[in-house]
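The values are calculated or read from the model by the stated rules, or taken from the named source; none is laboratory data. No experiment lies behind these values; they were computed from the predicted model shown. In this analysis, Cβ positions are derived from the backbone assuming ideal geometry, glycine residues included, and neighbour counts consider all displayed protein chains. Just so you know, the surface numbers come from the protein's heavy atoms only, side chains and all, with ligands and any DNA or RNA stripped out. Shrake-Rupley method; radii C 1.70, N 1.55, O 1.52, S 1.80 Å.
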Amino acid sequence: MGEQWMFYFDPNRCIGCHACSISCKQRHDRDPDAEDWRTVTHLSQGEYPDFEEVPVSMSCMHCHDAPCEKVCPPNAIEKREEDGIVTVNRDRCIGCHYCAWACPYGAPTYGDDGLMSKCNMCLGEGAGSGHGQPAKQKPEDGGAKPSCVDNCVGEAIKAGPVSEMKAEASGVAAERFENGAYESRVIVEPIAERAPLHEDTDESSDTVDNRDEPATKTEQSDTQTAGWLNG
Amino acid sequence: MSKNEAGEVALSRRSLLKVSGAAVGAMSLGGCLGVLDDETDRDLDRLGDADVAYGNCWMCHHACGQEVAVNDGTIVDITGVDGHPRGSAGPGREGTLCPKGLAEMEKAHDPDRITQPYIREDGELRQADWDEAFEYAATRLKALDEQYGAETFLNAASWATTNLHGIVWGNLYGTPERIGRGRHVCFGGAHLSGNLMGVGTHMRFVDYQNADYIIAWGRNLFESFAGQWEPKGVLEALDNGAKLVVVDPQHTPTAQKADEWLPIEPRTDGALALAMGHVIVEENLYDEAFVEEWTYGFERYREEVADKTPEWASERTGLEPGVIRQIAVEFAEAAPAAGIALWTGVGQYAESQKASQAVFALNGLVGNIDRPGGLRFWRGPPFSNPFEVRDIDLPNNAAGKTPALRKYEEYEKYPFRHTTGIGHNQIPEMVENGHIRGMYCHYDNPLTDGNTQAWLEALEEMELIITVDAYWNELTRHADVVFPEAIQLEKDTLIDYAPAWSAYHENRWVSASKAAVEPQGNTKPGFDILKGIAEAMGWGEYIPWESEAAYNEDMLANIDYSFEEVAQENYVILDEFGYEQWKDSGFSTATGRFQFYLDEEGGYRRSIEELDEQVPDVDLHTGPQWVPPGTFGDTPDGEYPLHFYDTRAVFFAFGADQVLDHPREQYARKHGLASEEYEGNYLVMNTADADERGIETGDMVTVATEKGDGEVMAYVSERTPPGFVTAEFGFGQGNSKEDGMNTMIVHDGQTDPISSQVDRHIAAEVRKTGGD
Amino acid sequence: MTFTVTALEVFVEFRWLSADYWDLSIPVYLYLAVVAGGAYLTGASAWFLRRWRGSDSNGLETEILRWGFLVSVLSAGGAGLAVLSHLAVYYRAILFPVYLTNYDSWITIGTWILVMLSVLAIVCLVLQLFGEAAAEGDGASRWPRWFVAKLGLLDVVDRFVDRIRPPTAGLALLHVVGSLFALATIYTGFELAIVETVPLWNQPVLVPLLFLTSGVAAGIGSTLAVTMVFEREITPMFGGYAAVGGVLSGVSLLIAGYGWTQLAANNTPAAAASYSSLTDGLLAFGVWVVALGFALALLAGVFLGLAAATGRLTASVERIGGPVLIGSFGLLFVSSLLLRVLLLLAAEQDPVVVVV
Ligand SMILES: Nc1nc2c(c(=O)[nH]1)N[C@H]1C(S)=C(S)[C@@H](COP(=O)(O)OP(=O)(O)OC[C@H]3O[C@@H](n4cnc5c(=O)[nH]c(N)nc54)[C@H](O)[C@@H]3O)O[C@H]1N2
Ligand SMILES: Nc1nc2c(c(=O)[nH]1)N[C@H]1C(S)=C(S)[C@@H](COP(=O)(O)OP(=O)(O)OC[C@H]3O[C@@H](n4cnc5c(=O)[nH]c(N)nc54)[C@H](O)[C@@H]3O)O[C@H]1N2
Ligand code: SF4
Ligand code: SF4
Ligand code: SF4
Ligand code: SF4
Ligand code: SF4
Ligand SMILES: [Mo]
């Protein structure tokens, strides 16, 4: 079995531009009004001026435990041995939508034909493509770079074998991933606290960008893990 | 400039292509470098046997490198070019395309484009062939010249990939009337301040990667960027520990990433800047050596800011005095590796020249000019003048003709006539007065830019309108000749439009591409259109180049790369240029120094003197000074209590591309309104303003001003302050995307009296109109 | 700072009714499958009661058992049509033994359960509708015979059915097996409960139990209500059934109430969103209707049922008892469906929580 591929996302580098959604659509020749395989959601909270907003880009995470595959009645969904990519065989799909119920990320989409389609890590082009293809190769070995990754303006999304993604992640994010954050389905960087400088006037050194300081914050964050992680 | 040097700095792309040299050599139109070989891991579908070609994105005209896959004449995939100076974070870095750049693929095959020349016959536009259209245009141009004089014809060419329009309309046809986007509708106030003070238009782009401190002052760097090198560069800086401060009334995507967001009262930037200057001077944090040796007017500036305390500014800006003090200190301490990026936020209001002057003064104060991490004096490639290369003796038929603004006494009421030749908002009046009778519009729609109702009437009155465009709208439908232009991916282009600022902060560079696909339908590149007009006018001898590529070849005479070579590599990195260039050449101002005071600039001084007489409340002088909002332009009042302002979205370039489906769909999805039938822009308003008026997201609302009203869908959000409502421009009547509201339909010609810049802060009221 | 992406926000919008993700066919399917089970249990138990009490074939037991099987067959058919109408490729579903190969999937398992229950219910119904005994009997539940008579096939069918009728032991076995499949309709609860990320659903005991008790209560209730329309008398046995229906309805109310407190105490963003959507607007109204439906069925079923079962029903009460039972079981039928609709409408999930 080959090494599992996965996604990495850094909300700190995501500028919320939706280039990933559009490039995915164009790569796979999908209509503008079709549901997105990769979505960008803008989360916000607070009242002006105490307002915050964070963009989050998501697609199918090619979960190691693929809940969608487990529930698919006709075995149309395959969690591939060779690279962990989760593909769909639309010649078997009955369009029951059960995978969408089971998927924690709302990744499966359905077109007018009612058949499931979703991100295939750009293993092919178009709905249902990639199924039955040889193992995913890294771009340096001639494989196609996922279009969304290739066009992420903020370089906020990455895709690759798990070990590589862990290596690329910050210490905190990698450690959280190890500890089962997000069910170890995806690596997400914690939001760097770019706290207003003036709120801590005497100790401005406290406001360091914690992306560079993963080690010091790890312990503290891990104790929070149970509370805020879900899915 | 030299190939050897360039060879050393040329990075990944170049060496990559050298390896696969054979394939490159064989590359012709559309290229023939297979994207994928047989060893691929993928389902070979449309991309399977596609060829690779390059482009330089022209969606927002900032030229990020594009790599397209072409299958049987159709573009089937599009992506960025790694290491591209505009589209990547620098050497060896991932090249990408923003949503607009990606959408050029859709535009290439958009069936709604104009694909045939049209001419007006018996009052109606009808299809014509090219020769007929050229002949027709020439006949009409000659008639206009004979009857009224060529000086009544306005050259309103915008985003051309060639400078030929200046030659054709200025040198040959002989009109002095020229309106440019950047100067008159973009950031006129700040443009003027920058030029006169000595930082030029460089004040928009910081030397991001080297900066420790970046102030995005009324700049939305993560949404409205001039090439993706900007957001990428800022992200790099943040990763390296730089601080980002955002001065903006709205919580923008840039504010999302900021260490400090200063939610300033609109139009009070001058107060903030003066107070920062006060702190920096008072605490002796300024660059004494630089100020002493390289600036002009400092003593008067010091006096001016003496009483502008943070407390004083706090009352005007709504910001905490402590914050103002702290930002000032941090900025000065980080300098010279501290830069202010400023563009339209402090460039598009009635007091914007004065406000921006106060901001730019800070650059002179801390000496961050053309020093690493501060403002950068970018340098473009050393292009040659093709006319000189070919020894063509060009006449200058516009010489000696005075633009109407300066010629006729009707315009003496406009102080800006001493600083500029024309103003966007005043053109309808000039049309009415018979001083402008015709216009050449290229990639430009004045109906989006300001004073729209007056402009609609002016279009009716003009005798001759020639447009080079791609879509139907009220401009093109009003034209007498419509020339359909090929898009950038359909033509050979050498990027000569401000090809300076980029992720390569120390190198010049040049970028070019050959047509990736055939022009759609019967369209032609702008170069060919101008050449066609010129030939029909009998000026063929002056334009001997058979194509844009040949013209470009001559532009490269002084650079050791041929057009073909640059196009094959998409971009080439040229020689290095150092910092502190003013040490060699001085500042390009009247005094040769950075100028706090502009009394040596004659035109400016005269403008101020005239304006001073018109406004008794404020004692105007030529230095940085506080001009309260409403001194010129609108102020919200009882009847129109809201500030109405228009914005940009990362999905659209100006008013040009709103018709494309992919970006528009994502724009709607971002607002959660994709399921609505409505396809226009959204009026963003704060919950407090919305509640007061019983408005909810998705309601149709009417924006009313003294001038008139428009209808738009509401989007209620806390990202905008109470009292400040905004809508994306480029929609509604007059635009190609007619759904939604043209924000300028309620504009009454408000103008910055010093620079002629369109003032976009309008007093308005909003009410629910029913609907969904 | 914590931000949550709630991916399937369509859940809380009413748009879903028209969307192909979650149209009304889903709760209808999840519901009717268990109603079929409940009605089958009513019919099968009446068969055992009849044998045990040696009642004649014209008694109320026969009416209840025929109506039970009939309601079961119609519900199972309805469930099947509902689920088919939701699918994109019907024929692959109809060829389920070939296509549905994932036996870990509750839909595969459920399809077999529903199909088996339908087949067994049809067999039981046919055995009760036709044959000599049925031909000689009376009662409104015999109406399907009228169709067969119209086709002129009644004699043939009666004779054929009598010929294939298994011996009593076989019949008993048939009804036992059928009852097991009827109870297995609890699978509809598992179909939702395995969805881990939806806090409203992911209760592997609670949701299946609730689906079973509420569905079976509705199955019993609807069988009784239909029978009641034709048989005005509330016999003690009838009272017994009503009491059982009422108790199951009460149990459902208890389970739902417990689930409600669980949800209220769960402060993950998705649970909070579900809770707030259930306590606000139209959905809150639905919650009241469900609670009222279960409560009324509990009261009416237990009071009237126990009174009748113990022979303490006064004549005047008996006169209004019928309509009251029909009304409250009718409401129960609606409430039990509404329960499922609400569970789908208020579902939320948090795929990614981004944090500082
Ligand atoms: N996506 C996209 N990108 C573009 C363009 C485009 O059309 N679309 N256009 C390009 C061009 S030509 C230009 S000129 C640039 C413009 O680049 P920017 O100037 O960065 O663009 P805007 O989005 O107009 O940002 C102006 C900001 O100023 C704020 N503002 C408004 N009033 C005030 C005020 O009184 N004071 C302060 N401090 N801020 C204020 C607004 O809230 C807004 O966020 O963008 C370029 N990039
Ligand atoms: N209301 C408002 N107006 C503004 C601004 C604002 O903030 N608010 N910003 C101003 C600024 S900063 C700037 S720089 C200017 C920019 O202004 P311009 O660059 O002039 O942009 P538009 O006016 O949008 O020009 C759109 C025209 O270009 C045409 N077009 C589209 N695609 C093509 C093509 O491929 N080829 C050709 N030849 N034509 C094409 C469209 O059909 C349309 O007629 O806008 C200014 N106008
Ligand atoms: S994200 Fe959803 S669709 Fe993708 S593998 Fe996981 S469960 Fe399946
Ligand atoms: S919709 Fe298709 S892919 Fe999804 S679970 Fe049903 S059969 Fe499987
Ligand atoms: S990997 Fe490919 S298919 Fe998946 S979201 Fe990205 S672009 Fe779309
Ligand atoms: S392309 Fe990258 S930066 Fe843009 S929205 Fe997608 S993930 Fe974010
Ligand atoms: S910023 Fe976007 S639209 Fe502008 S040139 Fe670059 S890719 Fe094209
Ligand atoms: Mo601009």
Within the stretch C:226-262, work out how many residues are modelled with pLDDT of 95 or more, among the polar types (S, T, N, Q) and surrounded by 21 or more Cβ atoms within 10 Å (Cβ to Cβ).
2
Scan of the stretch A:49-78 for residues that are open to solvent by 30 Å² or more (accessible area, probe 1.4 Å), more than 14 Å from ligand 3 (Cβ to nearest atom) and assigned to a loop (DSSP other than H, G, I, E, B), ordered by number
A:Pro49
When you look at B:Gln353, is it part of a loop (DSSP other than H, G, I, E, B) and buried (at least 24 other Cβ atoms within 10 Å of the Cβ), yes or no?
no
Among the helices (runs of 4 or more DSSP H) lying completely within the stretch C:105-174, list those that include at least 2 residues that are open to solvent by less than 80 Å² (accessible area, probe 1.4 Å) and within 14 Å of another protein chain (Cβ to nearest Cβ).
C:106-129
Out of the residues in the stretch A:1-34 that are among the hydrophobic types (A, V, I, L, M, F, W, C), within 11 Å of chain B (Cβ to nearest Cβ) and part of a loop (DSSP other than H, G, I, E, B), state the one that is nearest to ligand 4 (Cβ to nearest atom).
A:Ala34
Output the residues belonging to the stretch B:499-532 that are touching a Gly at 6+ places or on another chain (Cβ under 7 Å) and of a type in the set (A, V, I, L, M, F, W, C).
B:Ala500, B:Ala503, B:Ala516, B:Val517
Selection from the stretch A:101-139 of residues that are more than 16 Å from the chain's Cα centre (by Cα) and at the interface with chain C (Cβ under 8 Å from one of its Cβ atoms)
A:Trp101, A:Ala102, A:Tyr110, A:Asp113, A:Gly114, A:Leu115
Can you find even one residue in the stretch B:182-201 that is within 16 Å of ligand 2 (Cβ to nearest atom) and over 24 Å from B:Thr589 (Cβ atoms)?
yes
Under 30 Å from B:Gln666 (Cα atoms), within 16 Å of ligand 2 (Cβ to nearest atom) and crowded, with 24+ Cβ neighbours inside 10 Å, is that true of B:Leu154?
no
Test result for C:Leu74, assigned to a helix (DSSP H, G or I), buried (at least 17 other Cβ atoms within 10 Å of the Cβ) and more than 7 Å from chain A (Cβ to nearest Cβ)
yes
Out of curiosity, is C:Thr223 at pLDDT 95 or above and either away from every other protein chain (no Cβ under 14 Å) or out of contact with any strand residue (DSSP E or B) (no Cβ under 7 Å at 6 or more places or on another chain) (or both)?
yes
Looking at B:Asp212, B:Asp269, which one is in contact with a strand residue (DSSP E or B) (Cβ under 9 Å, 6 or more places away or on another chain), charged (D, E, K, R), crowded, with 24+ Cβ neighbours inside 10 Å and more than 10 Å from chain A (Cβ to nearest Cβ)?
B:Asp269
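Return the only residue of B:Leu620, B:Leu660 being within 30 Å of B:Asp709 (Cβ to Cβ) and out of contact with any Gly (no Cβ under 8 Å at 6 or more places or on another chain).
Values: B:Leu620 fails: within 30 Å of B:Asp709 (Cβ to Cβ).
None of the other options fit; the residue is B:Leu660.
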Looking at B:Val684, B:Val650, can you tell me which residue is within 12 Å of chain A (Cβ to nearest Cβ), more than 20 Å from B:Ile745 (Cβ to Cβ) and within 11 Å of ligand 1 (Cβ to nearest atom)?
B:Val650
Among the helices (runs of 4 or more DSSP H) confined wholly to the stretch A:79-186, which include 1 or more residues that are more than 16 Å from ligand 6 (Cβ to nearest atom), surrounded by fewer than 22 Cβ atoms within 10 Å (Cβ to Cβ) and modelled with pLDDT of 95 or more?
A:162-168, A:171-178
Filter the stretch B:55-109 down to the residues that are open to solvent by 10 Å² or more (accessible area, probe 1.4 Å) and acidic (Asp, Glu) and list them by number.
B:Glu67, B:Asp72, B:Asp77, B:Asp82, B:Glu94, B:Glu106
Unmet requirement for B:Gly373, which otherwise passes all of (1) more than 30 Å from B:Ala273 (Cα to Cα); (2) part of a loop (DSSP other than H, G, I, E, B):
(1)
Across the stretch A:46-71, what is the total count of residues that are without any contact (Cβ under 8 Å) to a residue 40 or more places away in the chain, farther than 21 Å from A:Ser184 by Cβ and within 7 Å of another protein chain (Cβ to nearest Cβ)?
7
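Residue under question is B:Glu177, and the condition is that it be touching a Gly at 6+ places or on another chain (Cβ under 8 Å), open to solvent by less than 50 Å² (accessible area, probe 1.4 Å), within 14 Å of chain A (Cβ to nearest Cβ) and not polar (S, T, N, Q); does it hold?
Spelling it out, it is not the case that B:Glu177 is touching a Gly at 6+ places or on another chain (Cβ under 8 Å), open to solvent by less than 50 Å² (accessible area, probe 1.4 Å), within 14 Å of chain A (Cβ to nearest Cβ) and not polar (S, T, N, Q).
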For B:Gly241, work out the one condition from (1) crowded, with 23+ Cβ neighbours inside 10 Å; (2) at the interface with chain A (Cβ under 9 Å from one of its Cβ atoms); (3) small (Gly, Ala, Ser) it doesn't fulfil.
(1)
Just give me the residues in the stretch B:690-709 being under 16 Å from B:His643 (Cβ atoms) and not charged (D, E, K, R), in sequence order.
B:Ala690, B:Val701, B:Val703, B:Ala704, B:Thr705
From (1) in contact with a strand residue (DSSP E or B) (Cβ under 9 Å, 6 or more places away or on another chain); (2) crowded, with 18+ Cβ neighbours inside 10 Å; (3) not assigned by TED's automatic domain parsing to the domain that holds B:Pro231, pick out the condition that doesn't hold for B:Tyr148.
(2)
When only residues in the stretch A:140-191 that are of a type in the set (S, T, N, Q) and more than 10 Å from chain B (Cβ to nearest Cβ) count, which is nearest to A:Pro55 (Cα to Cα)?
A:Ser170
